[in-house]
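Heads up: the structure comes next, in structure tokens.
Since every read-out is calculated from the coordinates, none of them should be taken as a lab result. Since this is a predicted model, take the numbers as computed values, not measurements. Positions of Cβ are backbone-derived with ideal geometry, glycine not excepted, and every protein chain shown enters the neighbour counts.
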Amino acid sequence: MTFSHERPPLQADERTALTGWLDLQRQILRWKCEGLSEEDAHRSILPSSPAMTMAGLISHMRWVEHLWLEVVFLGGDETLNPSFDETDEDADWRTGGAPLTRLLAEYEAQCARSDEIVAAASLDDTGRHPGHRASKANLRWMLVHLVEETGRHAGHADILRELLDGSKGYY
């Protein structure tokens, strides 16, 4: 992947700013995986958080995008998303040993699907999931939340990568 260092334009409209910042954080997260061995991608280095691996982070973020835009916003089937597994709070972090390349491809596909959903909707549209507590939020709120959560986990990826092999850099 070629990492773009481009931030949204300084005078961007609201939609361009929101989607631009989200895309930048997504790119940072994927960039932190470049050149990582399979062994390191699945290596747990935080004893108190064994699911917090680079591969686990990518899996989690794929399901975060799915949860907010396909389930909460569109009202889609929550049973497809491991985040709703009440027996395992880290189910969406578990990779089953899937190769990092596959997890990244699934994340990329989910981001593309998320972009399609966002492009087809108004920022004022609200969620349609009948039982989710945040379904009354509008798309604007959900995008701000996705920027926050993706940025937060991109920061985790910074730390994990440095602990794994010493690689550092914001961009």
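Annotations for the structure displayed:
- Among [x] 39, 16, 9; [y] 26, 21, 12; [z] 30, 19, 14, the entry that matches semi-axes √(5λ) of the Cα gyration tensor in Å as calculated here: [y]
- Where GluC sites (Glu not before Pro) fall in DSSP loop in segment 19-105, at most 15 other Cβ within 10 Å: Glu34, Glu86, Glu89
- Residues considered: His132, His156, His42. Largest GNM mean-square fluctuation over the chain, using C-alpha springs under 10 Å, is found at His132.
- Computed on segment 15-165, with alpha-carbon pairs under 8 angstrom and 6+ residues apart, the relative contact order is 34 percent.
- Legend: calculated FRET efficiency, Ala119 to Ser48, from the Cβ-Cβ distance at R0 = 45 Å, rounded to 0.05, equals 0.70.
- Choice from Gly75, Gly96, Gly127 showing the highest fluctuation, given a GNM over the chain with Cα pairs closer than 10 Å: Gly96
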